[in-house]
Structure formats: structure tokens, C-alpha cells
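Read-outs throughout are calculated quantities, based only on the coordinates presented, and are distinct from any laboratory measurement. All values derive from a computational prediction rather than experimental measurement. Heads up, the Cβs are rebuilt from the backbone with ideal geometry, glycines too, and the neighbour counts pull from every protein chain shown.
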Amino acid sequence: MKDLNKIREDFKVLNGDKIVYFDNACMSLKPNQVVEAMNDYYYNFSACAGRSSHKLGDKVTKKVKESRKIITDFINAKSENEIIFTRNTTEGINLLANSFDFKKGDIVLITDKEHNSNLVPWLVLRDKIGIEVRICKSKEDNTFDLEKFSELVKGVKLVSIVHTSNLDGITNPAEEIIKIAHKNNALVFLDCAQSIAHRKIDVKKMDVDFMAFSGHKMLGPTGTGIFYGKQKLLENLKPFLVGGDTVEFTTYDNYKMLPLPEKFEAGLQDYAGIIGLGEAVKYLKNIGFDNIQKREFEINKYITEELSKFQNIKIIGPKDASLRSGIIDFYIDGVDMHQFAIMLDNMANICIRSGQHCVHSWFENRKIKNSARISVYFYNTMQEAEKFVENLTKIMKII
Amino acid sequence: MPCIVALIVFGIMGIFSASHRALAKEAFSCVFRRLTLRPCNTGFQEKIKGKILSKLIKRSTFLTKVVNKHYEILSWIFFILMIGSTAWVLRGGYNFYVFGSCNGLNASGFCAFDPSGENNKVTGVNTNGACPIVPATEQNVTLKNVDLSNFPTQNVGSKDNVVFIGCYACEYSRKAYPDILKLIKNKKANFVFAHYPAKGNTTVLAETGYCVNKFYGDKFWDFNDYLFKTDVNYVLDPANIDAILANFNFDVKKIDECANSKETKTIIENQVKELNKTNIYGTPTIFINEKAFVGPKPYRVYRSAINKFIFF
């Protein structure tokens, strides 16, 4: 792994140590390499891919193809046809919800701490065609309850669950979940929005059926994402977004869809974003997931220990920092954590997230108003963590 | 409550600044939710509270703790203070508009709209001709039991009455006089002019004026206008009186004889005695329908008085 100072130089916003950025679960920062790759497209070959037979068009086509290949290798997919470019994870889930052949009475099983993006599409489908949405509740410490899952998965058509939760950083045991689901003839969709940037995802090894993630949490550009599906399954899905770039030809009364992956990529794509996403994956590979996890754990452990010194601070999820990826989500009874986050920002330029983190259902169920979430990444330092603790201590004195 | 305070404060600041306008919108959204019996969940209150506390915490942890704990109560206090000060400012604005002073009719305290107190400056009576800002004692200034029948009068029979008590030598009387003329011209009010010798030797002009009015009636007003408009040093020099009278084609000899007569001098002395009954403390003092305006007010003040725009 490169020297940390060298790494931080790649992130312009971190230069000068003015900002402490602890909101990586929402959005990661972008290294210069990603920005430059996107600029290169805009400055030097900002043409259409696929459809234009000229030098610039050819170059865009080649670059997009390269990105697709990089991502295919990154998640160890069988084929590039299994990689669909989307705008984000949410779009990927909606693609599945609207393309899968659901019928009235089909059951979709989710967990009790899904991001709204993996809850609302299913609730809408419930209201639209009458599917059943089944919830698998977590254990007391918010970890996944495999036993309960094994009971609930019976008769389920699709298991749609988060891999690493943006709420508490807990990573669900995907491989076991998938095995159990497959035994029960259920397909599995994995929301990897939060995990993709922090751990190696191997779709072949996991044997996951569908998976989606976003570029913006993994150093990539905003508005980019990937929907993965096993080729055979994708071929059976009916695209819900159709139009330009999805068809081989049309007549006034007929059309022929393109094969995978184009049939799911309607309209002109975000070429700069796709190229930037490929560059982000290259950057992540260079850093290495072992190094990423090591740094995250080191900082998470320190902050967790410091937070534990305050009796009124409650950490969401298990006390063991190693189970929470780079996330420390906490709240104080009777205190609005928005105020907490605003104070940290104003006092010391420390950016953390406050609120319900798009998991409103979990907060509503537990009658917790909101929480403050610190989410660290490999470019964060222990000095930043110490600065956070120092300012947190000051705030705790006035509460 | 904090969002109501914020709405008012940011609403005012938003007139001048786009960033505060955005905050005002947020505050409005919050107030609207509260008014429609919904919780204010816009995060606005927390944002403002967080910003305030993060500023305070750099200075005093104790103070920050107090503010954090009693934020709602403090907001109420600020709200009441703000309503009070807003009412005070509105009252000041109203007073300035209708009386020419933020503090009320003829009141001489500091006024932000008239910091030098120009609208209350008078030539003090019995102050040896100095022109100070005289403390307000206008409550006693009245026309009750004052006989004005011997003073020049025009537009007799009008429903509105204007009495101008001024002095030819006093700069504030000279400043107010054109506005009063304009008012009389526009409103055709019953107008009484009374000269009060507050500064310099102006009695001779009063005597001459009396005689001009006695012999030439309405031509007095042209003569009077001339005395107020022309250079004060010229009109105050007794050597120039005959030339002035001649200029108006008056019978100079006749006027001089009249002015120098014992009868005229007695009348003028009696006029001053009569004016003293008003408890006048400075010139100009202008009565508009019995209300006394002391000092040279802006024209709108006189117009408001005659239009009965004064409500309080």
C-alpha cells in the first residue's frame, strides 16, 4: 500500500488537512485519477459509444468496454454480459423489481434494516401486483439471524438483502444465506452498495444470483452503478427501461431487442462516469482490501473505545468494532444528533452523517429519533480520529 | 419558537442577502409545519442551534451548556424582546413620519432618522437669541384663551386652522415658513401669522408689518414673504426698511408714521403678551388645528396633521 500521505495527496479535498471526512458510507471522495479519466473523456473524445463510426466514437466504445471488463474481473463475474451499467444501486434494485416475473402471492424476503432502496421497490410491488414482503428480524445486537432466516425463507421467490448495512456496518453472512436460499429454491439479490468498497466481492464464489452496487461509494463518480445478474437469469428478465440503444432494429410495428448487456442499458449512457468507475476500480485494487480493512478497523476500534467511555452514548450494533466495517453509528437518548453533527462541522470541519440514514423503518420500529454515523475509509488517519474524539468530548460536556 | 424568531430575523436579512433568504425559506417551512400542527422535522432548528452552540463552545463551555439546556426558554425571551423592539421601531417610524421625530411630537431625544435633531431645533424664547434644542414642554403649549384677532389672517372661514408663530431673524422659522406657505396654498386653510421677536431686533419689522396689514390688507402677505425669503442681514437693517416698503409701492411715510406711533407699539407689545399666553418656548411654533408643532418639521408632518393622518 502506498504511503498514507501519498494517498491523501490523490484526494484534493484532503490536502491541507482542513476537512476531516467521516461520511464515507454516504459518499467516498474521488481520487485525482478518477477525475482526470473523466476529464480526459470530456476534453478529448466526448462522443457516443457504439453507434458512431468515427475515431472518437471508436475510442469511447473501447473505453466503455474496458471499464466493463475491469468491473467483470473486479467482482469475478463469468462474463461481461452480466455487467449492466446503471445510475446507482437503487436503479439496479428497481430494474430487478420491475423486470422479474413476479406474480401475485410471490414472496420477497428482506431484513429489518434495509436501506429504503431495498424496501420501497418491494412495498410498491406489493401494492401493485400483490406480492408478499416478508421481514427477517435481526438479533438483539443487530446481527443477522440465520436461524430465523432458515424458517422464513421457505416458499420465498426472492431473497433481497443488504450485504453490509449502512446503518451499523454489519456484514451479513452472504454465502450461508445464499446456500440456504438456494436449497429452498429461492433466488438471492445482494445489495452491495456498502460492501463493494470495503471487501472483496466474488460473485462466482458467493453464487449470488443478482447483485447491485454504486460507483459513488467506491471512489467512483456519482450517477454510476452496476447491476449484476447470472447470464441465464438476466436473459429471462424483461427490461423495464427500453428505447434507444436497447434494440437491434425496429419497424413501425415490431422491434428486436439487443442481447445482453445492451438490452438493459436504455438511452445514452454516462460514458465519462463509466470510464471514471473503471479507473476507481483500478485505484481500489492498487490499495488492496486487506489494507482498507486494516485501516478501517484500527480507526473504528479507537473511536469505539473512546465512545464507550461515555455512558449515555449508545452504539448501534455489536460492541466489537471488527464486526462493523468502517462504521460507528451512535445516539444519545434525548439528544438530536443533527445538532451533534452540525456542531462537529462548525467547530472542527468534521463531516459526519446524522439522521436515519435512509433506514427510517428501523428507527421508527425502535422509536429512536436519529443517530450520528461516522464512516471511515482508507484515507482517514488516526490524527483525524483523535481530533474527532477531542471535539466529541467537548460536546459531551454541554449535554 | 426558535423558527419564528429565525423567520423574522432571516426574513429581514434576506432582503439584502441571498444566503439568508434560503434560511428564511427553511424557517418558513418550519413555521408552516408548526402552524399546520405538524412537527418541524426539517432539521432547521437543529441546524441553527448547532451553529449557535458551536460558536459559543469556543468561548465558554458553561455558557454553552446553559444555552443548550434552556434553548427553548431563551428563544421565547428573544422572541418577546424582538416583538417589543419591533413594535418600538414601528412606533419610532410612525412618529418620525407624522411628527418628524422618532420619539413623538416635538420630542428631542435621539432619532436614527434625524440624528442631528434638525426637526426639533428652535430659537429659544428668553435664551438671548440662541438656537438650542429645547427640551420638550409642548404639552403646555396651547392656543386656549389666546386672542389672535389682531394678527394678519387669510382664508377666513376655512375648516382648518394654521397659526404660525415665528421670528424673521430665526433661521428655523425661515426654514419652516415656505412649507407652511405651501400647505396654506394647497389646503386653503385659515392662516394666522404671528411674529414673535425671539432673536435680534425684529420688533421694528413687526410694527412695520402691522401697519402694512392695516393699510394694505392682503398685500401684507407679499411683504411678509419677502421678509422671510430675503437675506436676513438685509431685512434686519433698519436703514433698509424704507427701501423695502418703496419697492412694494407702499406709502413709506405713512407706514413709518404708523409704525413709530405709540398705538402701534402698544399693540405689538400686547401681541407679544398674548403670544406668551401660549407658553411658547421656541420659534417656530406652528399650530395646526390646535396641535402645536415646535421646530421646523418636514412638509409631510404638516400635511399629515392637516389631513388628520395622526392616529395616536
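Numbers below:
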| quantity | calculated |
| --- | --- |
| Total charge dipole magnitude, segment A:33-110, about the Cα centre, Cβ charges on Lys, Arg, Asp, Glu only, Debye to nearest 20 | 240 debye |
| Order of B:Met82, A:Met218, A:Met206, A:Met211 under a 10 Å beta carbon neighbour criterion, fewest first | B:Met82, A:Met206, A:Met218, A:Met211 |
| Solvent-free Debye scattering, log10 I(q)/I(0), computed from the Cα coordinates of the protein assembly as shown at q = 0.07, 0.08, 0.09 Å⁻¹ | -0.66, -0.73, -0.84 |
| Computed label-point distance, nm, for sites A:Glu175 and B:Asp147 using a 7 Å Cα→Cβ extension | 12.2 nm |
| Ascending count of other beta-carbon atoms within 10 Å, so fewest first, for B:Tyr168, A:Tyr271 | A:Tyr271, B:Tyr168 |
| Angle in degrees between helix B:71-99 and the longest Cα principal axis of chain B, rounded to the nearest 10 | 20 degrees |
| Relative contact order %, segment B:2-69, counting alpha carbon pairs below 8 Å whose residues are six or more apart | 23 percent |
| Mean Cβ neighbour count within 10 Å, used as a protection proxy, ranking A:335-345, A:24-34 highest first | A:335-345, A:24-34 |
| In Hz, Karplus ³J(HN,Hα) per residue of segment B:235-250 (6.51, -1.76, 1.60; θ = phi - 60°; x = Gly, Pro) | 6, 7, 7, x, 5, 9, 4, 4, 4, 5, 4, 5, 4, 8, 6, 7 |
| Nearest-20 debye value, the protein assembly as shown charge dipole, Cβ charges on Lys, Arg, Asp, Glu | 700 debye |
| Partners for B:Lys55 among aspartates and glutamates (Cα-Cα distance below 20 Å; same-chain residues under 8 apart left out) | A:Asp336, A:Asp345, A:Glu390, B:Glu46, B:Glu72 |
| Extension gain, A:Ser79 back to A:Lys256 (0.36 nm per residue minus Cα-Cα distance, nm) | 61.5 nm |
| Computed [θ] at 222 nm, deg cm²/dmol, chain A (DSSP H ≥ 4; -39,500 (n - 2.57); rounded to nearest 500) | -12500 deg cm²/dmol |
| Highest-MSF residue in chain B out of B:Gly93, B:Gly282, B:Gly43 [GNM, Cα springs under 10 Å] | B:Gly43 |
| Residue of A:Asn254, A:Asn346, A:Asn81 that the Gaussian network model of chain A assigns the largest fluctuation, springs spanning Cα pairs under 10 Å | A:Asn254 |
| Burial ordering of A:Cys192, B:Cys111, fewest other beta-carbon atoms within 10 Å first | B:Cys111, A:Cys192 |
| Cα-Cα over 23 Å, subset of A:Lys397/B:Lys58; A:Lys179/A:Lys200; A:Lys205/A:Lys319; A:Lys301/A:Lys369; A:Lys104/A:Lys238 | A:Lys205/A:Lys319; A:Lys301/A:Lys369 |
| Whole-angstrom gap from segment B:180-257 to segment A:98-122, using each part's C-alpha centre | 99 Å |
| Relative contact order [Cα under 8 Å, 6+ residues apart], chain B, whole percent | 20 percent |
| On Cα atoms only, tilt of A:337-348 relative to the major axis of chain A in degrees | 80 degrees |
| GluC sites (Glu not before Pro) restricted to DSSP loop in segment A:92-194 with at most 11 other C-beta within 10 Å | A:Glu140 |
| Average partner coverage of A:342-348, which counts Cβ from other chains inside 10 Å | 6 |
| Estimated FRET transfer efficiency when R0 is 35 angstrom, pair A:Glu298-A:Asn365 (beta carbons, to 0.05) | 0.60 |
